[in-house]
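Worksheet for the structure shown next.
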Amino acid sequence: MTKEMPNQINIVYFAWVKERLGRDQEVIEFPELVENIGQLVEHLQNCDPAYRNVFTDLKKLRFALDQDFVGLDAALRDAEELAIFPPVTGG
Amino acid sequence: MTKEMPNQINIVYFAWVKERLGRDQEVIEFPELVENIGQLVEHLQNCDPAYRNVFTDLKKLRFALDQDFVGLDAALRDAEELAIFPPVTGG
Amino acid sequence: MIKVSVIESDFDAGSEIKNLLALGGGAVTSFIGQVRGDGTLDALELEHYPAMTEKALRKIADKALGKWDLHGITIIHRVGRLRVGEQIVLACTCSDHRQASIEACSYIMDQLKTVAPFWKKEIRQDGSESWVEERQSDLDAAKGWKN
Amino acid sequence: MIKVSVIESDFDAGSEIKNLLALGGGAVTSFIGQVRGDGTLDALELEHYPAMTEKALRKIADKALGKWDLHGITIIHRVGRLRVGEQIVLACTCSDHRQASIEACSYIMDQLKTVAPFWKKEIRQDGSESWVEERQSDLDAAKGWKN
C-alpha cells in the first residue's frame with residue numbers, strides 16, 4: 001500500500017446542519033482511501049463527535065457535489081465543493 | 001282531442017345562428033302539441049324554409065331554456081326564453 | 001369570495017391577483033388567455049348571451065368551490081372586438097394549497113371553454129370573418145373532470 | 001425566454017406576467033406562493049445555497065422547456081426574512097396552449113419544492129424557531145411527473 005496523500009475539499013453547510021455544527025463552511029483534508037461521500041462522512045464522524053452528533057441520521061441529509069445533487073455513493077474525485085444540508089423546503 | 005290553444009315563447013339566437021336567420025330574437029307561437037324543444041324546432045322547420053336552412057344539422061346546435069343548457073328533449077312547459085346557438089367557444 | 005365579471009374594457013391581472021393574495025391563503029394561481037396572432041388574424045369578435053353569462057360563470061365558480069378548498073375565485077371574461085395581443089380572459093384562484101389552486105384554475109378554464117355562452121368570430125386582416133368552431137380537445141379536457 | 005431570479009426584495013407579479021404576455025403566445029399561467037399565517041407564525045426565514053440556486057432554477061426551467069412548447073418561463077424566488085402575507089415565489093409560463101402553460105407552471109412548482117436549494121425556517125410570534133420539514137406530498141407530486 002502506497003503512502004496516503006491527503007486530499008482536500010471545501011464543505012458548505014446549510015439550514016439546521018449549519019446551525020448544529022456552528023459553521024457554514026470549512027476545508028477538510030481526507031485520506032486517499034476516502035473515495036466517496038459516504039466514506040467522507042464516516043471519516044468525519046470518526047474524527048470528531050460533533051459530526052457524529054449532527055450526521056446521526058443520514059436519511060435526513062442531502063448532498064450536492066459542485067452544485068449538483070448526488071447520493072452518498074458519489075465519487076469525490078476532483079470535486080471542489082461538497083454541500084451537506086437537510087431536504088430542501090423551498091417554493 | 002281538445003282544441004289546441006297556442007303557446008308562445010321568446011327565442012334568442014347567437015353567433016352564426018343569429019347571422020343566418022338575420023335576427024337576434026323573436027316571439028314564436030306554437031300549438032300545444034309541441035311539448036319539447038325538438039318538436040318546436042320541427043314545427044319551425046315546417047312553417048318556414050329559412051329555419052330548415054339554418055337548423056339543418058341539429059348536432060351543430062345547442063339550446064338553453066331560461067338560461068340553462070338543455071337537450072332537444074327538454075320540455076318547454078312554462079319556459080319564457082329559449083336560446084338557440086352554436087357550440088360555445090369562449091375562454 | 002367569488003367575483004365574476006363580463007366586460008368590454010381591459011382588466012389588470014396584477015391587481016386582481018393582489019385582491020386574492022389579500023385573502024392570505026398562500027397559493028394563488030392565475031391563467032390569462034390572450035388573442036394569439038397567426039399572421040393573418042386581426043381581431044376576435046367576442047359575443048355572449050348577456051342574460052345567461054354571469055349565471056354560467058357563477059355556476060362554474062360554485063362547482064370549483066365544491067371540488068376544492070378555495071378562499072377566492074375571480075373570473076373575468078371580455079366581450080366585443082379584441083385585437084391580436086389583447087387579453088380575453090382571466091381565471092384566478094386562491095387556496096391554502098398549491099395543487100388545489102392550480103387544479104381549480106385549470107378546471108375553471110376547461111369549463112369556460114365548454115359551458116359558458118361565449119362565441120368567438122375571427123376577423124382576418126383581409127376583412128373576411130369566420131366563427132371559431134368547438135374543438136374536440138376542449139370537450140375532452142372538460143370531460144376529464146368528474147362532473 | 002428564460003428568466004430566473006433569486007432576490008430579497010419583493011416582486012411585481014403583474015409586470016412579470018405582462019412580460020410573458022408580450023411574447024404573444026396566448027396562454028399565460030402564473031403561480032404565486034405566499035407566507036400563510038396560522039395564528040402564531042410571524043415570518044419565514046428563507047435560506048438558500050447561492051452558488052447552486054440559479055443553476056438549479058435554470059435546470060428546472062430547461063426541463064420544462066423540454067416537456068412543453070413554451071415561449072417563456074419566469075421563476076422568481078425570494079430569500080431572507082418574509083413576514084406573513086408576503087410573496088415568496090413566482091412561477092410564470094407562456095405557451096400557445098393553455099394546458100401546456102398550466103401543466104408547465106405546476107411542474108415548475110413541484111420541482112421548486114424538491115430540487116431547488118432553499119430552506120424555510122418558521123419564526124413564531126413568541127420568538128421560537130423551527131426548520132420546516134420536507135413533506136411527503138411534495139415528494140409524491142414531484143415524482144408524478146415522468147423525470
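The rotation axis taking chain B to chain A passes closest to this chain B residue's Cβ, listed with the gap in Å: B:Gly91, 14. Across chain A, the volume of the C-alpha convex hull divided among the residues equals 97 Å³ per residue. In the elastic network of chain D, a GNM with C-alpha springs shorter than 10 Å, the most mobile of D:Asp110, D:Asp96, D:Asp12 is D:Asp12. With its label point defined 7 Å out from Cα along the Cα-to-Cβ axis, C:Arg58 lies at 5.2 nm from the matching points of the other copies, in increasing order. Dividing the alpha-carbon radius of gyration of the stretch C:92-147 by the rule-of-thumb value 2.2 N^0.38 Å gives 1.49.
Taken about its Cα centre, chain D carries a charge dipole of about 460 debye when Lys and Arg each add +1 at the Cβ and Asp and Glu each add -1 at the Cβ. Relative to the longest principal axis of the Cα atoms of chain B, helix B:37-47 runs at roughly 80 degrees.
Coordinate range of the alpha-carbon atoms in the stretch C:42-121 per principal axis, descending: 40, 28, 16 Å. From its DSSP helices (H runs of at least four residues, each -39,500 (n - 2.57)), chain A gives a residue-normalised ellipticity at 222 nm of -7000 deg cm²/dmol. Here is how far apart the B:Cys47 label points are across copies: 9.5 nm, shortest first, using a point 7 Å from Cα toward Cβ. What the Cα atoms of the protein assembly as shown give is an Rg and a Dmax of 29.3, 116 Å. Distances from A:Ala75 to itself in the other copies, using label points 7 Å out along the Cα-Cβ axis, amount to 8.1 nm in increasing order.
For the stretch C:95-147, the Cβ-based charge dipole about the Cα centre amounts to some 120 debye (Lys, Arg positive; Asp, Glu negative; other atoms uncharged). What separates the Cα centres of the stretch B:23-91 and the stretch D:95-136 is a distance of 51 Å.
Taking Rh as the Kirkwood radius, which is the inverse of the mean 1/r over Cα pairs, what is the Rg/Rh value for chain C?
Checking Rg against Rh, the ratio lands at 0.98.
For the segment B:80-89, counting C-beta atoms of other chains within 10 Å of every residue's C-beta and taking the mean gives 6.
Averaged over the residues of peptide C:92-103, the number of Cβ atoms from other protein chains lying within 10 Å of each residue's Cβ is 4. The residues packed around A:Ala74, meaning those with a beta-carbon under 13 Å from its beta-carbon, carry a net charge of -4 if Lys and Arg are +1 and Asp and Glu are -1.
Calculated [222 nm] ellipticity per residue, helices only, for chain D: -11500 deg cm²/dmol; basis is -39500 (n - 2.57) per DSSP H run with n ≥ 4, divided by all residues, nearest 500. Pick from B:Ile11, B:Ile28, B:Ile37: which is most flexible by mean-square fluctuation in a GNM of chain B where alpha carbon atoms under 10 Å apart are linked? Residue with maximal mean-square fluctuation among B:Ile11, B:Ile28, B:Ile37: B:Ile28.
Among residues of chain C, the one whose Cβ lies closest to the rotation axis carrying chain C onto chain D, together with that distance rounded to whole Å, is C:Gly14, 1. Shielding of peptide A:69-78 by partners, expressed as the average count of other chain Cβ atoms within 10 Å per residue Cβ, is 1.
A short reminder: the numbers here are calculations on the coordinates, not readings from a lab. These figures come from a predicted structure and were not determined experimentally. For neighbour counting, all protein chains shown are included, and Cβ atoms are generated from backbone atoms with ideal geometry for every residue, glycine included.
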